[in-house]
Each structure stands twice: as structure tokens, then as C-alpha cells.
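Here is the structure we will look at.
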Amino acid sequence: MKKLTYLTFSLFSVFSFAQEVSKERIQTILSTLASDEMKGREIGTPENENAAHYIATLFKENNLEYCTGNSYLVPFTYKGKTAYNVCGIKKGKTDKFLGFSGHFDHIGTSNNSKDNIYNGADDDASGITTLVGIADYFKNKDPKFSMVFIAFNGEEKGMLGSKAISTDKNLDKIYNNLTALFNFEMVATESAFGKNALFMTGDEFSDLDELFNENAANGLKINPDPYAAQQLFYRSDNVSFVKKKIIAHSFSTVDMTKAHHYHNESDDITVVDFDNLTEIINNFGKTLEKLSPENFTPKYNNSVKF
């Protein structure tokens, strides 16, 4: 594939005064994370750490506050070495939080002689790009909810990063006020429901999707999970927060019946529908502007297995 140069400069100043996040901004973030230089971002590699630092730079550009300590990087131990989640806060008009997350690690490289890099553009550079895009959208805004943005590491090794950070007592002040967590997992493609649409895993377990859709902007729609038999609700980082009885679902556009790029070297930027992703991010932002603790208090029903 064409090699993508790792971008160390910031284009944010071009867009900081725009009402919406531009497609060019989305392309820059996702293409950097999914570049060949990142070598698949496998946890425990220098490239994985580079990805963590790059995300921290993006958080700094958005003037997010540290979640804990004096860094966006939140360490945990992986095979005796230090690995990092990345966490930042946007203060809103209330101390009630909404969370936005995704995982930045992927599965590294293969023995393929033609293309040996699992770039992970959809899985899950697209999810990280989405949460950063939401942070971009709100940089110069004053949302009703406070917001926490978490980029998880080690999802591909058993959700190690989300398990670590979800049990970090230093973050209990956030978790005790966390109304819901939106975990973005593979949102690079057009969904089976068409453009400007996602599905929510475990939709039968809470009323989050109904409450969100009541306020959804410009036709954005969260649909029921069409792949319920695959138990996706329990297969991504949201489950680490479900275990804390926090409303937490994953949101995706991937068509599981034909996602041939999943865990394949072909998961590079050629699979990304940047127009659709940009539309989703901006309409997500516009919807979130409408949400407040008064009109958005989702609850689990009795069928969820904690």
C-alpha cells in the first residue's frame, strides 16, 4: 500500500473557529493512527506508545484537563512494562459526565510478503477519531454535561486497558457521576442501515438509544444491534464499565456479514467512508448539545448481566 507519512504537525488552528469538524481534520487523525509507521499499534511496541502520545497531543489541542495526575497518559502494567491509556476531561455546566471512548491498539504485523501491516483503520482508529472529533466539536463550546474522553489500550489482548482504568480509584470522582459511556468500535464504513446511522450493542438492555434518538440531529439514527447473536455487547471495552453498573454500550457501523477487512491487512484507509464518518461526528456533536441531566438519564433494565 502507499506509505503514509506520520504527521507530527497540527492542523487544528485551521479549524478551531469552525462550527463543524472538517473532513480534512478527520482524515488527518485517522490516517496518522492507521499509517504504516504505526505498524499496527500493538500493545508493548514503541509504535503503540507513539500512538498514545499522539492522542495526548490531540487532547492538549482541545484544552482538555487531565483525568488524574499531571498527564493525559494513565499508566498500567503489561507484561512487566508500562503501557498507557489516554484520558482527558472537558468541564461542562454540570458535574454530571458523559464518556466517549475507543481503543487505539491493534494487532501489529503479519508474515504477508506484500502487505504485512494490520493498520487497523476501522478497528479502531475510526473510533479514536470519532471521540477526538467530538472533543474538537466542543473545544469552544460550553456543554451541559461534563465530558470524559478515554482512549483504551490493550483491547485486542483482552480489554486490558479498560479493565485497568475502570478500576482506577483516582477516577471514582468521574465514574460516580458518569451518566453513560459511548464506546466507538469500528465506525469507518457505511452501516447496514445506510449513511448517518450506527447501531448500539446491547440495545435491549437500556433505553439509551431511545433517549438519544429523541434528540438526534439531522436524521442521525442509532439502531438496534442486527448482530445480537454475536454478543458484541460483551466483546468490547464497554463491558468493563457495565461491570461497574455504568450505562455503557458500543456504537458501530460495521456490517458483520461482509467485514472482510476485520483483523486483515486490508483494514487500511481505503475502507474508510470519510464523508459519512464526518457527518456522524458532527451530528453526534449537535445531538450532544441538546442533552442535559434533565432529558438524558438512561437506565438499564433487569435483563442485563452485570
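The values are calculated or read from the model by the stated rules, or taken from the named source; none is laboratory data. What you see is a predicted model; the values in this text were computed from it and never measured. Glycine gets a Cβ as well: all are built from the backbone with ideal geometry, and neighbour counts include every protein chain shown.
Among all positions in segment 222-230, there is at least one residue which is more than 18 Å from the chain's Cα centre (by Cα), at pLDDT below 95, assigned to a helix (DSSP H, G or I) and not hydrophobic (A, V, I, L, M, F, W, C). In segment 1-104, counting only helices (runs of 4 or more DSSP H) that sit wholly within it, the ones holding 2 or more residues that are modelled with pLDDT of 95 or more and among the acidic types (Asp, Glu) span 46-61.
Just to verify a result, which residue in segment 266-283, among those that are acidic (Asp, Glu) and surrounded by 16 or more Cβ atoms within 10 Å (Cβ to Cβ), is farthest from Lys299 (Cα to Cα)? Give the steps one after another, and end with the answer.
Quick first cut of segment 266-283, residues acidic (Asp, Glu) only: 267-268, 273, 275, 279.
Filter again for surrounded by 16 or more Cβ atoms within 10 Å (Cβ to Cβ), leaving 267-268, 273, 279.
Values: Asp267: 35, Asp268: 37, Asp273: 33, Glu279: 28 Å.
If we take residues in segment 266-283 being acidic (Asp, Glu) and surrounded by 16 or more Cβ atoms within 10 Å (Cβ to Cβ), then Asp268 is farthest from Lys299 (Cα to Cα).
Read through the list (1) without any contact (Cβ under 8 Å) to a residue 60 or more places away in the chain; (2) in contact with a strand residue (DSSP E or B) (Cβ under 6 Å, 6 or more places away or on another chain); (3) among the aliphatic types (A, V, I, L, M), then give the number of the only condition that Ala228 fails. Failed condition: (2). The set of residues in segment 151-165 being in a helix (DSSP H, G or I) and under 18 Å from Ala180 (Cα atoms) consists of Ser162, Lys163, Ile165. Selection within segment 105-150: residues that are of a type in the set (D, E, K, R) and part of a helix (DSSP H, G or I). The member of this set that is surrounded by the most Cβ atoms within 10 Å (Cβ to Cβ) is Asp124. Per this entry, Ala180 is counted among residues that are within 18 Å of the chain's Cα centre (by Cα) and either over 19 Å from Tyr66 (Cα atoms) or touching a residue at least 60 places away in the same chain (Cβ under 8 Å) (or both). Picking from residues in segment 239-265 that are among the hydroxyl-bearing types (Ser, Thr, Tyr) and crowded, with 16+ Cβ neighbours inside 10 Å, the one that is farthest from Met186 (Cα to Cα) is Ser240. Of all residues in segment 172-207, those that are in a helix (DSSP H, G or I), surrounded by fewer than 19 Cβ atoms within 10 Å (Cβ to Cβ) and of a type in the set (A, V, I, L, M) total 0.
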